[in-house]
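Computed from the coordinates by the stated procedures, all read-outs in this text should not be read as laboratory data. Fair warning: this is a prediction, and the values are worked out from it, not measured in the lab.
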Amino acid sequence: MSQHRFRVNPTKSYSERMTETRSDLRRLVREKLVSITGEPSAQMRWSRGAYMQHVVSRYRVRIEGWPLADVPFRNLSDVPNLGKLELLLRGFQDGSIYFRRINDAEFREMTADPSPWIGPIEGIMSDDTADEA
């Protein structure tokens, strides 16, 4: 006869909480993107190039308030811990991280150098970062 283990108090594991928070964050970000663009099929893209092409260029919006010092802009599956995911989720919930429409001048500025909004290309240090290293 096999034994089954049942949790008396089903507290979620760290891994389950990571998965749930990541899912909640993805859903909320998509809702915010759909809301600002008015496009029901709008999808967030998390790689640098895809974000620039499929979000910034297509919809002329960008994310403001991303905490680059704490969480590099990247695919949420690559965010290494629950605290960082929760920081992002809280930011989108309280409005400190948000999508904003950009005008043509802001679009040109961002396409010339998106690093102030999404950070430097990973593995390449900016002049400021190189000075600190």
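Quick notes
- Long-range HN-HN contacts of residue 97 with modeled amide H, under 5 Å: 92
- For the range 12-23, 3J(HN,Hα) per residue [Karplus equation, 6.51 cos²θ - 1.76 cosθ + 1.60, θ = phi - 60°, Hz, x = Gly/Pro]: 5, 6, 4, 4, 5, 5, 4, 4, 5, 5, 4, 5
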